[in-house]
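Rule-based calculations on the coordinates, nothing more; no lab input. Since the structure is predicted, the reported quantities are computational estimates derived from the model, not experimental observations. When we count neighbours, we look across all protein chains shown, and the Cβ atoms used for this are built from the backbone with ideal geometry, even at glycine.
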Amino acid sequence: MKKVLNLLLAFALLVSLCACSQQSLENMTRGSGDRYATIIWGDKTYVPYGALSDYGERGKQIGIVDGNKDNKVYECKGFSADEWIVESLPHDGAMLWREINVTDIPDGWQSEYEWNQ
């Protein structure tokens, strides 16, 4: 009986640890602008800035788009998620997104899109 109780306690502890370790992801939505898609997160709107060839640019996952667990959104390493985010799809690579009101572009960064210069 004591072994069964210990096993149940160990199982309960394991379940509670797993539940606590799961992060809460934001559900962002896809929108559209005049010439581009957008990602909307609360009161912020992000526009595509350019493809990322280095997955090292992404930080921790912070959200998903339109409830799709495969459409992941990450922090951009070294930058505030209020200004820059990284979207990743399984077969499309990663895309850097700029919050639409951000005008301070880091040195050396250049958008692939003429309208985003």
Using θ = phi - 60° and the Karplus form 6.51 cos²θ - 1.76 cosθ + 1.60, what ³J(HN,Hα) does each residue of the range 90-101 get, whole Hz, x for Gly and Pro? x, 10, 10, x, 10, 10, 8, 10, 10, 5, 4, 8
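Cβ neighbours within 10 Å, averaged per peptide: list 103-114, 85-96, 67-78, 31-42 in order, most packed at the top.
Details: 103-114: 9.4, 85-96: 16.6, 67-78: 14.8, 31-42: 13.2.
So the peptides 103-114, 85-96, 67-78, 31-42, ranked by packing, come out 85-96, 67-78, 31-42, 103-114.
Taking a ≥ b ≥ c as the square roots of the eigenvalues of the Cα gyration tensor of the range 54-94, is the shape rounded (a/c under 1.5), prolate (a/b larger than b/c) or oblate?
Values: a/c = 2.48, a/b = 1.36, b/c = 1.83.
Judged from the Cα gyration tensor, the range 54-94 comes out oblate (a/c at least 1.5, b/c at or above a/b).
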Taking amide hydrogens as modeled 1.01 Å from N in the peptide plane, which residues meet the under 5 Å criterion relative to Gly59, leaving out close sequence neighbours? Glu75, Cys76, Lys77
